[in-house]
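Here's the structure we're looking at; comments come further down.
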Amino acid sequence: MENADKTIVITGATSGIGLAAAKELVLKGSYVIGTGRSEERCRSAEQEIIGICPGAKISYLAADLSSLSEVRRLAAGIRETLAKDGFSHLDVLINNAGTVSSWYVSTVDGFELQFAVNHLAPFLLTHELLPLLGRSQAGTVICTSSGSHYRTRLRWNDIMLRKHYNTLLAYKQTKLANVLFVTELNRRLAAAGSSIKAFALDPGLVNTDIGFKGTLGIARIVWQFRSKGGTPPEIPARSMAYLALDPVPRSTGKIYWKDCRPKEPSAYSQRPDIAKRLWELSERMCGIVGR
Amino acid sequence: MGTTAFITGAAGGLGKAFAVECASRGFDLFLTDISETPLSRLSDSLRNTYGTDVHCYGCDLTDADSRAALYAYVKSGGFLFNFLINVAGLDFEGAFEERTPDQIRTMLRLNIEANLELTHELLKLRDPAMTFRIINVSSLAAFYPMPVKAMYSASKRFLLNFSRALGEELRSRNVTVTALCPAGMPTTPECIEAIEAQGFAGRITTCNVGYVASKTIDMALRGKPVYIPGLPNRILQAAGSIIPESIVARVVGSRWNAAHGRRMQRQKTFKAFS
């Protein structure tokens, strides 16, 4: 059924869902490029995967996705790595890297950290890799969103919550932005007659260390308890692999997936006016003009 | 002509927040910081996102020649300003006896000398059609003698007194001066670590940097002479002002010595692990 011999990029693949998905996809025979923030963690993830799957087609590139110029550098690195291994296309891009921050921290580009890593980085990386994805038979973009995208909206007058920052609110907004991005991307791709499809993945509550990234105090304690009740990262990784490899999701027209099944995303995330506005703002922020 | 703001230390945590805040209000900007690369990256991003006019120039404010080059550049560009935000400043925390002569000179030059000279130069380049607003970044530390941060708190006290006096001196000349007196802000991993080392007190006295920048601009536009962000901090300041200084110094000293000790201990543990 599924065609596992694909070229795949997974961001944030040194731990959690990304690492589990990289293992799963490599074991099925795919060619995978993982990314991570630290060179050291990239190397150790690579060793770990080669350890369980000798001869795995795996490589890692380090990049700090909080910086737009690093995202562009990463895209160039991905193009180079693919070319070196004889590929002129990319089948699947999995925008999985995500973070949480207790405080309002601004990135080198002056954006709020969660907004930059969770939304702008996937937006720009996808934009950069779209030509390669277009050369695939079945180009696929997957964004790790979350059930936390429900019951929230974008605060247009202060989209990065500079004035009234709240960790969870900021996180929820970025996960909503992921679904809006996928929605608008599909609309634009279809309008342009492209065969590329985009999906948002809802991983459910997963036992990873995301709640310990740049947080402190109560948030850490709460996450310590909550994450214990979560599923292991292998469960959403299976859904991720399913979206990446199986032809079925592409034919359904459904964009939001959880546990290998389509699910209704929030009504707000499907509003074309909102999706278009976020897209145009993101283009300006990323310095993308004249598409 | 619209508002044009000059911001020093613009690539750092608080300076960047001020730059973003001003750009979001549609101000044109002139940014300076010691290193050019992050400065030009921020400028590009602000231009893209907010569509304002952003200029930048790298300058080592501790160096008189570098400052002279900055003034020459600004003058040759024909810029006129109506906002000056003096953010650049630094702290060498730790026992005074352990500081090097170089550190002592650097702090004096940046926190005091550069601030005074820049204010003096920029006042000459003010837009005569508009009110000229100066924001000097002082600190909550300005209100107390602070052991382990003795030089820093004294330099910030200097800026507080200077700001208040200058504001009064220039009141009739359409100039306002606002001293911003924040507690620690979580701008870098080091700051976040320092806040954590203070425990609960550190957490409640901490304000997000985006909020501080936004409120400070509001306060400056209202011509407020001093702004302390965060209610717990205003209470601390009020309490500090009615208790004799010798007692304040003792209390602050015991707290900061303890926090400093915890931080050093943490760093040691961290190093042992890595």
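Read-outs throughout are calculated quantities, based only on the coordinates presented, and are distinct from any laboratory measurement. Values in this document were obtained by computation on a predicted structure and should not be read as measured data. Note that each Cβ is placed from the backbone with ideal geometry, even for glycine, and that neighbours are counted across all protein chains shown.
Would you mind giving the mean number of other chain beta-carbons within 10 Å of the Cβ of each residue in A:239-251, as a whole number?
Whole-number average of other-chain Cβ neighbours for A:239-251 is 0.
What value does the stretch A:40-139 have for Rg/Rh, both radii from Cα atoms and Rh as Kirkwood defines it?
Using Cα coordinates only, the ratio equals 1.01.
If packing is taken as the average count of other Cβ atoms within 10 Å, what order do A:188-200, A:224-236 fall into, highest mean first?
A:188-200, A:224-236
Just need the relative contact order of chain A here, percent rounded to a whole number, with Cα pairs under 8 Å and 6+ apart.
19
Just counting partner chain Cβ atoms within 10 Å, what average do the residues of peptide A:104-116 show around their Cβ?
Values: counts 12, 10, 11, 4, 7, 10, 16, 3, 3, 0, 0, 0, 0.
Taking the mean over all residues of the peptide, I get 6.
Once you sort the root eigenvalues of the Cα gyration tensor of the stretch B:176-235 as a ≥ b ≥ c, which label holds: rounded (a/c under 1.5), prolate (a/b larger than b/c) or oblate (the other case)?
Note, shape of the stretch B:176-235 comes out prolate.
Given H placed 1.01 Å from N in the peptide plane, which residues other than close sequence neighbours of B:CYS56 have an amide H under 5 Å from its amide H?
Those qualifying (amide H under 5 Å, at least 5 residues apart or on another chain) are B:LEU31.
How large is ³J(HN,Hα), in whole Hz, for each residue of the stretch A:92-99 in order, when computed from phi with the Karplus curve 6.51 cos²θ - 1.76 cosθ + 1.60 and θ = phi - 60°, using x for Gly and Pro?
9, 10, 10, 7, 10, 4, x, 8
State, to one decimal in nm, how far the label point of A:PHE212 lies from the label point of B:ALA258, with both points 7 Å from Cα in the Cβ direction.
Distance between label points: 2.8 nm.
To the nearest 20 debye, what is the magnitude of the charge dipole of the protein assembly as shown about its Cα centre, counting +1 on the Cβ of each Lys and Arg and -1 on the Cβ of each Asp and Glu?
Around 1480 debye, computed over the protein assembly as shown.
Using only the alpha carbon atoms of chain B, find the Kirkwood hydrodynamic radius as the inverse mean reciprocal pair distance, in angstroms to one decimal.
Hydrodynamic radius (Kirkwood, Cα only) of chain B equals 19.4 Å.
Can you list which of the DSSP-assigned H helices in chain A have a Cα extent of 15 Å or more along the long axis and an average Kyte-Doolittle score of at least -0.5? List each step's numbers first, then the result.
Working: long enough: A:16-27 (17 Å, 1.44); A:39-52 (20 Å, -0.71); A:68-84 (24 Å, -0.05); A:121-134 (19 Å, 1.17); A:167-191 (36 Å, 0.28); A:218-228 (16 Å, -0.03); A:234-245 (16 Å, 0.64); A:272-286 (21 Å, -0.56).
Sorted by number, the helices that extend far enough and score high enough are A:16-27, A:68-84, A:121-134, A:167-191, A:218-228, A:234-245.
Could you go through the stretch A:204-211 in sequence order and give the Karplus-derived ³J(HN,Hα) for each residue, using 6.51 cos²θ - 1.76 cosθ + 1.60 with θ = phi - 60°, rounded to whole Hz, and x for Gly and Pro?
Values, residue by residue: x, 7, 10, 7, 10, 9, 4, x Hz.
Remind me, relative contact order of the stretch B:35-176 in percent, using alpha carbon pairs under 8 angstrom and six or more residues apart?
23
Which peptide among B:216-224, A:261-269 comes first, and what is the full order, when sorted by highest mean count of other Cβ atoms within 10 Å?
B:216-224, A:261-269
Lys pairs in the stretch A:7-286, Cα-Cα under 17 Å, at least 8 apart or on separate chains: how many?
Lysine pair count for the stretch A:7-286: 14.
Do you know the relative contact order of the stretch A:178-291, to the nearest whole percent, from alpha carbon pairs under 8 angstrom that are 6+ apart?
33
Among A:85-91, B:42-48, B:123-129, what's the highest-first ranking by average C-beta atoms within 10 angstrom per residue? Display every interim value, and only then the final one.
On the way: A:85-91: 15.6, B:42-48: 21.7, B:123-129: 13.6.
Taking the mean over residues of other Cβ atoms within 10 Å, the ranking is B:42-48, A:85-91, B:123-129.
Determine the shape class of the stretch B:120-274: with a ≥ b ≥ c the square roots of the Cα gyration tensor eigenvalues, call it rounded for a/c under 1.5, and otherwise prolate if a/b is greater than b/c, oblate otherwise.
prolate
Can you compute the radius of gyration and Dmax for the protein assembly as shown, using only the Cα atoms, both in Å?
25.8, 81
Under a 5 Å amide H to amide H cut-off, with H placed in plane at 1.01 Å, what residues pair with B:THR178 once short-range neighbours are removed?
Residues meeting the criterion, in which the H sits 1.01 Å from N, are B:ILE134, B:ILE135, B:ASN136.
Name the shape class, rounded, prolate or oblate, that the alpha-carbon gyration tensor gives for the stretch A:7-286, where a ≥ b ≥ c are the square roots of its eigenvalues, rounded holds for a/c under 1.5, and otherwise prolate holds if a/b is larger than b/c and oblate otherwise.
Cα axes put the stretch A:7-286 in the rounded bin.
Considering only the protein assembly as shown, what is the antiparallel percent among its DSSP beta bridges, to the nearest 5?
Percent antiparallel among DSSP bridges in the protein assembly as shown is about 5.
Which ³J(HN,Hα) values, rounded to whole Hz and listed in residue order, are derived for the stretch A:100-113 from phi using the Karplus coefficients 6.51, -1.76 and 1.60 in 6.51 cos²θ - 1.76 cosθ + 1.60 with θ = phi - 60°, glycine and proline given as x?
9, 9, 5, 10, 6, 10, 9, 7, 4, 8, x, 9, 5, 4
Under 5 Å between amide hydrogens, which residues at least 5 positions from A:TYR256 or on another chain qualify, with H placed 1.01 Å from N in the peptide plane?
Excluding prolines and chain starts, which carry no amide H, the hits are A:ALA200, A:LYS263.
Take peptide B:203-212, look around each residue's Cβ out to 10 angstrom, count Cβ atoms belonging to other protein chains, and average those counts. Spell out each step's value before the answer.
Working: counts 4, 0, 0, 2, 3, 11, 6, 12, 6, 3.
Average neighbour count from other chains, rounded to a whole number: 5.
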